[in-house]
Amino acid sequence: MLEVITLIVDAGRASEQTEQYHKNIISSILLKHSLPELLSHVSEEDRKDIFYDISLLGLINK
């Protein structure tokens, strides 16, 4: 998900408003589609990395 990558690359340098904007978009997507569904065509290794990244951002429980 591009929004997750954006937050990771920003590495806390973006404003709180910008960070919240991207988190809201991610949350909106996750309300419509399950994460396993979104990652169904991703390798197991990449899936683990994405789950880890999203959990670090506080968007899912690990």
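The values are calculated or read from the model by the stated rules, or taken from the named source; none is laboratory data. It should be emphasised that the depicted structure is a prediction, and the values quoted were computed from it without experimental measurement. With ideal geometry, Cβ positions are generated from the backbone for all residues, glycine too; neighbour counts draw on all protein chains shown. Side chains are part of the model used for accessible areas, which takes the heavy atoms of the whole protein and leaves out ligands, DNA and RNA. Shrake-Rupley method; radii C 1.70, N 1.55, O 1.52, S 1.80 Å.
May I ask for the Kirkwood hydrodynamic radius of the chain, worked out over all distinct Cα pairs and given in angstroms to one decimal? Mind dumping the intermediate values first?
Details: mean 1/r = 0.0832 Å⁻¹.
About 12.0 Å, per the Kirkwood formula over Cα pairs.
To the nearest 20 debye, what is the magnitude of the charge dipole of the chain about its Cα centre, counting +1 on the Cβ of each Lys and Arg and -1 on the Cβ of each Asp and Glu?
Details: 6 positive and 10 negative charges, 36 e Å.
Here the chain has a charge dipole of around 180 debye.
So what is the relative contact order for the chain, in percent, with contacts set as C-alpha pairs under 8 Å and at least six apart?
35
Output the 0 to 90 degree angle, nearest 10, between the alpha-carbon long axis of helix 16-32 and the longest principal axis computed from the alpha carbons of the chain.
Roughly 30 degrees, rounded to the nearest 10.
Need the full-extension length gain, residue 44 to residue 27, defined as separation in residues times 0.36 nm minus the C-alpha distance. One decimal, nm.
On the way: separation 17, 0.36 × 17 = 6.12 nm, distance 2.23 nm.
Answer, rounded to one decimal: 3.9 nm.
Output the peptides 29-36, 53-60 sorted from most to least packed, where packing is the average of other Cβ atoms within 10 Å over each peptide's residues. Write down the numbers at each step before the final one.
Details: 29-36: 11.8, 53-60: 14.4.
My ranking of the peptides, most packed first, is 53-60, 29-36.
Using only helices, what value at 222 nm comes out for the chain when you add -39,500 (n - 2.57) per DSSP H run of length 4 or more and divide by the total residues, to the nearest 500 deg cm²/dmol?
Details: 4 runs with 43 residues, N = 62.
That calculation yields -21000 deg cm²/dmol at 222 nm.
Determine the share of the chain's accessible area contributed by carbon and sulfur atoms, expressed in whole percent, with a 1.4 angstrom probe.
Values: 2460 of 4600 Å².
C and S fraction of accessible area: 54 percent.
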